[in-house]
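Engineer: This structure is in structure tokens; I'll ask about it shortly.
Readers should treat all values here as calculations from the given coordinates under stated rules, not as data from a laboratory. This one's a predicted model, so the numbers in the text were calculated from it and none came from an experiment.
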Amino acid sequence: TSPNSPSPPSRQRQPAAPPTPGSQPPTGHAAKRTPRPAPLATPVLPPAPRRATSRHATPPLAPAMPPPSLLLFHCRAPLPHRPLRMSSPSPSRVVCSASTAEGYISAAPILLPDGPWKQVEGGVTAAKGFKAAGIYGGLRAKGQKPDLALVACDVDATVAGSFTTNVVAAAPVLYCKRVLSSSKTARAVLINAGQANAATGDAGYQDAVDSAEAVAKAFECEHK
């Protein structure tokens, strides 16, 4: 530039305008921010009650159960008499005898509890002079398992009995008690399963008597 050329006008800062009431002075080159509205007040709720989570918490009580009803059974008429069935639809089968050393029935194995005793080979036929047989007589409501057995001796043998203490004794129990009250010997014992002949009244007792008479007739011995 030439020394005679005019110099450019110098830039001079203008004095800042005085701040007006309510305005904020600018700070550096930061842009002005619009003030945010105050947040709405949230209502404070009381804390909810906590549930007991302990394992030992007391469970709610169950509703009271009604007392059990009393069952009363009345027998208006005597039970009808049923004839004793001695025959079997299937042929008789001897499953235990003195000639064979088998002292068990295949459909009803012998189960012994733990103890100092042991099973005797031959069962009730182990003693000399005893014989036994078992058949299916049709006394069981289901199945074809043997339900009628007979144990006999060649001569009169000493006999004893152990009976239930239940006051409601079946007809065979009453009959055996009566026999043992007057006799200490016996020749044969008739055994059945699948039919207790209990709570049958006079008709059930007569069935026990008829069964004993049939056995006595087969062995040609005196009925006691």
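Engineer: Just check region 123-219 against the gyration tensor rule for me: Cα atoms, a ≥ b ≥ c as the square roots of the eigenvalues, rounded for a/c under 1.5, and otherwise prolate or oblate depending on whether a/b exceeds b/c.
Structural biologist: Since a/c reaches 1.5 but b/c is at least a/b, the shape of region 123-219 is classed as oblate.
Engineer: While we're on this one: Counting alpha carbon pairs within less than 8 Å and at least 6 residues apart, what relative contact order, in whole percent, applies to region 123-219?
Structural biologist: Once normalised by length, the contact order is 27 percent.
Engineer: What's the lysine pair count for region 135-224 at a Cα cut-off below 27 Å, pairs eight or more apart or interchain?
Structural biologist: Total qualifying Lys-Lys pairs in region 135-224 comes to 5.
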